[in-house]
Amino acid sequence: MQERDFKGIWIPREIWLASELTLLEKIFLVEIDSLDNEQNCYASNAYFAEFFGISKGRCTQIIKSLEAKGFIQIQLIRDKNVITKRVLRVVNKLNTPLSKTKQGYLENAEGNNTSLNNTDIGGNPPKRFTKPSLAQVTEYKNQNQYISDPQAFLDYHESRGWVVGRSPMKDWKGAFRRWESNEKKWSKENANKQSATERRSDYASGLYDYRKATNF
């Protein structure tokens, strides 16, 4: 079992209120974050299955969903053609606001978590978020062979003030990956709706032709 030293867990408001995450995905993300130490999280599906009391297959679905929505990154360590380890990394660490934590609150005692997260691992100030340009988003889209419209992405977040939930956006690439995931889901739903409409139309046409042919 992967070791950790912590007093509890911290769930940020933007994660707890994230409508795109299921409840199980939220607590999965928090558990991965609590294990994401200097060596990152390398817990297996067997560990998660035992910890949460669900099947390994369900664990795979949840982890892949978190990856698709841009909350975690998955790296497979190989020895030639054999996968020896899976490494999970949380894209945006769930930092604990220790200055606001009162006695009795649960907290994640991650070594580099501070109330303001003033420095990164290298001791440098965190980068200030800068809105991406259309060229940057388009380039990122093309690099990953995404289908989403960069201009629509920019227009949407510009109208909302570049926030995620109620918090300022920190990673536009992560937001674009979630946008892409939703775009694929909506495209599939629209395709299914169109197929259903076409089926109803074909059925109605066939029914009309049958009645016309038998109307002596």
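Just so you know, all these numbers are worked out from the coordinates, no wet-lab data involved. These figures come from a predicted structure and were not determined experimentally.
Things worth noting here:
- The slack in the chain from Trp186 to Val82, taken as 0.36 nm per residue of separation less the alpha-carbon distance, amounts to 33.8 nm.
- Cα-Cα over 25 Å, subset of Lys69/Lys188; Lys26/Lys56; Lys80/Lys141: Lys80/Lys141
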